[in-house]
Amino acid sequence: MIRGIGTDIVEIERVRKAICDPFMRKVLSPEEFEKAKSFSEERMIQFTAGRFAAKEAIIKCLSDYEVPNMSDLNIVNDEKGKPEISYKDYKIFVSISHERKYASAVALLEADE
């Protein structure tokens, strides 16, 4: 049963202008922050934009239950690159897309019946 859905889109240029350690630490989990710092500058900006969009989408789909801090949400990629999120006992599915100017994401909260 679907309990929540969220979507978000972010202009990558806005993230480029905001990119700095304090902004990244607010958006990214410690694990994501370390991963982002290992990328080239352009890839780091795209990664952060995608994570920002995904976390906004996740927060929207959880909004009837709670509103977590972005940095408390840790998104990892499986061996095929698919993003996955594990947060408390919630079953959340997330998809992230990038285009030259935008990053977008959708999140779905599923509950057992």
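To the nearest ten degrees, helix 41-62 and the longest principal axis of the Cα atoms of the chain are 20 degrees apart. Considering every Cα-Cα pair within the chain, what fraction, in whole percent, is farther apart than 25 Å? Cα-Cα pairs of the chain separated by over 25 Å account for 16 percent. Annotated for the stretch 2-110: lysine pairs at least 8 residues apart or interchain, Cα distance under 15 Å, count 7. Computed 3J(HN,Hα) for the stretch 25-40, one whole-Hz value per residue from the Karplus formula 6.51 cos²θ - 1.76 cosθ + 1.60 where θ = phi - 60°, is 5, 6, 8, 9, 5, x, 5, 5, 4, 4, 4, 4, 5, 7, 8, 5, glycine and proline marked x. Multiplying the residue separation of VAL67 and ALA18 by 0.36 nm and subtracting their alpha-carbon distance yields 15.4 nm. Among the GluC sites (Glu not before Pro) in the stretch 1-76, those located in a DSSP loop and surrounded by at most 11 other Cβ atoms within 10 Å of their own Cβ are GLU66. Here the convex hull built on the C-alpha positions of the stretch 1-63 has a volume of 89 cubic angstrom per residue.
Taking 0.36 nm per residue of separation and subtracting the current Cα-Cα distance, fully stretching the chain between SER95 and ILE9 would add 29.8 nm. Loop only by DSSP, 11 or fewer other Cβ within 10 Å of the Cβ. Give me the trypsin sites (Lys or Arg not before Pro) in the stretch 1-81 that pass, ordered by residue number. Passing sites in the stretch 1-81 are LYS80. The stretch between GLU42 and ASP112, if pulled fully straight at 0.36 nm per residue, gains 21.2 nm over its current Cα-Cα span. By the count of neighbouring beta-carbon atoms within 10 Å, fewest first, MET24, MET44, MET1 end up ordered MET1, MET44, MET24.
The numbers here are math on the coordinates, done by the rules we state, and not lab data. Since we're looking at a predicted model, the values are computed, not measured. No Cβ is skipped: glycine too gets one built from the backbone with ideal geometry, and neighbour counts run over all protein chains shown.
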